[in-house]
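Notes follow once the structure below has been shown.
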Amino acid sequence: MEDVVYTARGTPNIALIKYWGKRDEGLILPKNSSISLTLDGNAETVVGKAFKLYTTTSVVFSHKINADFIYIDGELQDLSNKAVRDRFAIIDILRGIAKTNAHAMVVSKNSFPTASGLASSASGIATLAYIASNALDLKLSERELSILARRGSGSACRSIMGGIVKWEKGEAKDGSDSFARQLYTHDYWPELLDLIAIVSEDKKKVASRAGMAQTVATSDLYRKRLEIVDGYAAQLEKAIEKKDMDVMAEIIMKESNSMHAVMLDTSPPIMYLNDISREIINAVHEINTASGKRICAYTFDAGPSPHIITTEHEKERIVDRLLKVEGLQSLLLTKMGKGPEMLQESDALIDKSFAPMLK
Ligand code: 2P0
């Protein structure tokens, strides 16, 4: 399998029950279980700049390369830096499984702004785990792939599969029971939509990895969150089973607020939301109050841009309201997607002489 360029694309996920805090920093084991929707990369632009939500990654393992080279959005990653090396530890793990010492050339590009709170690390690391294991012909199970992706970035373990996904926190010290599994396929609830209201494309000031460690170390409110969050997950699973948007919306919003509350309780406080985020929070509550039931919910990642979860039937009135928000940069519409997929040779980002094509 060596010396052949393989290419795949994957997509971000949006957590409805959030992962924020590790019980093991090295193995990336979470304090609580989390639930997410894997997104369809083929987002529609309602207004503003057109984005698709794909990470496309090409990889080749070869003895003709004298070191590992990893390019993300045209930038060569500095593998002499330990934090960067840790992100890409899965290359070494895979080499160990495949019993090869071939070096890897990886070229990856996001069709959306990196590190703006749009889960580029989930999408990027999940796609890398998927394509690098394929390139080495390892035929890993979804469970093994999820554990592998987790080693690069926690939330990446959920982007290995499509639809509605649960990352079970697990109990084992070695992380062998901490992986994501699919609760429902992408077509379980075709009317379910995600409207992504982009309110800023700036790079975030506090990286999730450092931020969550700081929360675990300093937030008292965080202990309370850990008592509550698994209960939210169980309630959400039931609401999803019944396709009960009213109950689901309440849990999704409370859960997002819970995470941002412990961020604020961190010392020094972590504040990802801005005035436009807060205006959208109010708008969503206004819409729900006027409807007499909850028809939509906001949820924020580690960034100021909300995802508004709703259904096709309610789309127009919510879009109309969001378009009135001053400062909204783009509005994207997507739904659940299928997870990573192989692409053709013609989509490769590495040419036949192993030169990166930074297109
Ligand atoms: C999540 N986030 O569940 C939460 C919600 C951000 C807010 O997972 O240190 O990039 O690589 O495991 O996965 C972002 O954290 O952190 C994240 P690491 P990751 O989606």
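Throughout, read-outs are computed from the coordinates displayed, never taken from laboratory work. Keep in mind the model is a prediction, meaning the values are calculated, not measured. Methodologically, a virtual Cβ is constructed for each residue, glycine included, from the backbone with ideal geometry; neighbour enumeration extends over all protein chains shown.
Around LEU53, which amide H atoms from residues at least 5 apart in sequence, or from another chain, sit under 5 Å from its own amide H, with H modelled in the peptide plane? Those qualifying (amide H under 5 Å, at least 5 residues apart or on another chain) are ASN42, ALA43.
In terms of packing, defined here as the mean over residues of other Cβ atoms within 10 angstrom, the peptides 235-243, 24-32 line up highest first as 24-32, 235-243.
Remark: relative contact order (segment 6-358) = 27 percent; criterion is Cα-Cα distance under 8 angstrom and separation of 6 or more residues.
Extension gain, ASN66 to GLU241, is 57.9 nm, computed as 0.36 nm per intervening residue step minus the present C-alpha separation. When only Cα pairs below 8 angstrom with a gap of at least 6 residues are kept, segment 1-59 shows a relative contact order of 41 percent. Checking every one of the GluC sites (Glu not before Pro) in segment 252-359 against DSSP loop status and a limit of 16 other Cβ atoms within 10 Å picks out GLU326. Only one residue of ALA156, ILE240, ILE318 has its Cα farthest out toward the positive end of the dipole of the chain, where Lys and Arg carry +1 and Asp and Glu -1 on Cβ, and that residue is ALA156. Among THR127, PRO190, HIS103, whose Cα projects farthest towards the positive end of the dipole of the chain, with charges put on the beta-carbon of Lys, Arg (+1) and Asp, Glu (-1)? Positive-end residue among those listed: HIS103. Under the convention that each Lys and Arg Cβ holds +1 and each Asp and Glu Cβ holds -1, the size of the dipole of segment 35-191 around its Cα centre is about 320 debye.
Could you compute how fast segment 1-71 diffuses translationally, taking Rh as the Kirkwood radius over C-alpha pairs and applying Stokes-Einstein at 20 °C with viscosity 1.002 mPa s? Give it in µm² per second. In µm²/s, the coefficient is 135. Dipole size of segment 117-259 about its Cα centre, with +1 on Lys/Arg Cβ and -1 on Asp/Glu Cβ: approximately 520 debye, rounded to the nearest 20. Relative contact order of segment 119-164: 49 percent, from C-alpha pairs under 8 Å at least 6 residues apart in sequence.
Compute the distance in nm between two label points, each set 7 Å from the Cα along the Cα-to-Cβ direction, one at SER176 and one at ASP92. Computed distance between label sites SER176 and ASP92 equals 2.2 nm.
Each residue of segment 239-250 was assigned a 3J(HN,Hα) from its phi angle through the Karplus expression (A = 6.51, B = -1.76, C = 1.60, θ = phi - 60°), giving 5, 5, 4, 8, 6, 9, 5, 4, 5, 4, 4, 4 Hz with x at Gly and Pro. For segment 144-179, trypsin sites (Lys or Arg not before Pro) meeting the loop criterion (DSSP other than H, G, I, E, B) and having at most 15 other Cβ atoms within 10 Å: LYS173. Our coupling estimate for segment 46-58, obtained by passing each phi through the Karplus curve with A = 6.51, B = -1.76, C = 1.60 and θ = phi - 60°, is 7, 7, x, 5, 7, 10, 10, 10, 10, 10, 9, 9, 10 Hz, Gly and Pro reported as x. Built from the Cα atoms of segment 12-129, the convex hull projects on average onto 8.8 nm², one quarter of its surface area. Taking the Cα centre of the chain as origin and assigning +1 to Lys and Arg Cβ atoms and -1 to Asp and Glu Cβ atoms, the resulting dipole is close to 540 debye.
Listed peptides 177-183, 15-21, 294-300 appear in the order 15-21, 294-300, 177-183 once ranked by packing, highest mean of other Cβ atoms within 10 Å at the front. May I ask for log10 I(q)/I(0) of segment 6-358 at q = 0.09, 0.12, 0.13 Å⁻¹, from a Debye sum over the Cα atoms as equal point scatterers with solvent left out? Calculated log10 I(q)/I(0) at the listed q: -0.46, -0.84, -0.98. Residues whose amide H lies under 5 Å from that of VAL47, counting only those 5 or more places away or on a different chain, are LEU331; hydrogens are built 1.01 Å from N in the peptide plane.
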